[in-house]
Amino acid sequence: GLTSVTIPNSVTSIGDGAFSGCSGLTSVTIPNSVTSIGNSAFSGCHGLTSVTIPNSVTSIGNSAFSGCTSIVVENGNKKYDSRNNCNAIIETETNTLIAGCKNTIIPNSVTSIGNSAFSGCHGLTSVTIPNSVTSIGNSAFSGCSGLTNITIPNSVTSIGEGVFWYCISLTSVTIGNGVTSIGHWAFHYCDSLENVYITDLTAWCNINHGTWSNPLNYARNLYLNGELLTDIVIPQNVTEIKNEVFVGYYNLKSVTIGDHVTSPIGGRSFQNCYNLKSVTIGSGVTYIEPDAFLNCSNIFNVSINSKIVNDELRMISTAIKVLILGEKVIEILDGMLKNCNDIRTIKCLSSIPPKVGINNFTSSHYQDATLYVPKSSLAAYKAAEVWKNFKNIVEFDPTAIENIEADAPAFEFTDGGIQLTTAEGKAVAVYTTGGALVEKIDSYNGEEISLGKGVYVVRVGNKSVKVKL
């Protein structure tokens, strides 16, 4: 079989797959006339031990030397020896990455990682990606079964399809703030993934996710600046809940979507968030895409303040036990709550009974559920269609709306705001329901938190409580 090749000076390019699979090939001499090496040109040349890439080469195709496990590659004065823990060569003057090493530090000259660049490099255990890189190509690290962690720098704006497909040992990933898109199946079959680290929740919410591209499909933990996120307030400058943004996030317990979110809540955005218990939806949301809350079987408390609660909102969860309808709700379209048979508490914050379709409630609701209505509006609800069918209608003073969880932060009202009673020495943050930060205290010392009239989310450590003043 073919063992050595000397390419003549008349050749200017080596075509795609030219020597692919030539496992007996041990050496190649490439002349200065060659300016390009095609895709997979030498892939699978397992016996290749020596090749020199001249400075005349300006482009090297994807996977050009993939699987060349014993290669020494020279590019001008640069030399990469796979026998020193490398699986193949790294880069050329054109800044195109071509393959991987067991412990790889990618040079600062590299601006893009090509398709399948490290694909199938089973010995690859760590990679350092510099801030010069702006894109990572499709399947770049797919099948790297030894890779345990990866950091995507802030310079990267796009992560291709299937980039970490079948990286079965990957346990943690850090996603930089510059990433705006992650391709389909990017983290599929990353069964060992536990931790995802981010430093900007706004940037995370604005990522366009492809199908099953979110690492949260597997990771149990999402950390924001090192702190585990379990209760999420969508940031003020986020106007859209994108598809799959929190899909599969195991540790998510509550989410507050403020009035500033005016676009639909995206498909599968919270699907499989099995421990999600509390959902607050602001007045700007009037449509929820299919499967947005599919399989969220533990949602206990839903607070809605949309002006007209449309039919699609019934997809939130059939497991709802507590339903809070905000002051801006004026109508619940027929059938929205048709299958929500577990509702036992309904709180209406509007003194004017919302119009409600007859098929939203059943005789079981009318008999067993308790309807709470604002003081001085009891007569109005008892006279309103549908609402008048409830046997248990109780007036209440909506001065506070507390988190359903038993271990939610405790507080007392003061003349000018609130005072926390179980937060000594803990970090405290207060947000509007729109996600705007109102107050931040690194170590609480029992002081009064001054607040004007409105509804707030008070966060103590990883626990939250809603307060209405």
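With each label modelled as a point 7 angstrom along the Cα→C-beta vector, the I330-S135 pair spans 4.8 nm. Peptides 408-416, 350-358, ordered by how many other C-beta atoms sit within 10 Å of their residues on average, highest first, read 350-358, 408-416. For the pair T26 and S181, the difference between a 0.36 nm per residue extended length and the Cα-Cα distance amounts to 51.7 nm.
Sort out for me the Cα centre separation of the stretch 1-42 from the stretch 426-469, rounded to whole Å. First find each Cα centre; the distance between them is then 65 Å. Label zone (V438, point 7 Å along Cα-to-C-beta; backbone nitrogen cut-off 11 Å) within the stretch 282-305: none. Sorting Y250, Y456 by solvent-accessible area of protein heavy atoms yields Y250, Y456, largest first, with a 1.4 Å probe. Placing a pseudo-label 7 Å from each Cα along the Cα-to-Cβ vector at E448 and N154 gives an inter-label distance of 4.0 nm. With kT/(6 pi eta Rh) evaluated at 4 °C and eta = 1.567 mPa s, and Rh the Kirkwood radius from Cα pairs, the stretch 408-469 diffuses with a coefficient of 114 µm²/s according to Stokes-Einstein. Taking all protein chains together, H365, H184 sort by accessible area into H184, H365, largest first [probe 1.4 Å]. Once the Cα-Cα distance is subtracted from the 0.36 nm per residue extended length, the D200 to S297 segment shows a gain of 32.1 nm.
Less than 5 angstrom separates the built amide H of S40 from those of G17, N62, S63, A64, all sequence-distant by 5 or more or on a different chain.
The values are calculated or read from the model by the stated rules, or taken from the named source; none is laboratory data. Quantities reported herein were computed from a predicted structural model and do not represent experimental measurements. Cβ: placed from backbone, ideal geometry, glycine included. Neighbour counts: every protein chain shown. Heads up: the accessible areas ignore ligands, DNA and RNA and are worked out on the full protein's heavy atoms, side chains in. Shrake-Rupley method; radii C 1.70, N 1.55, O 1.52, S 1.80 Å.
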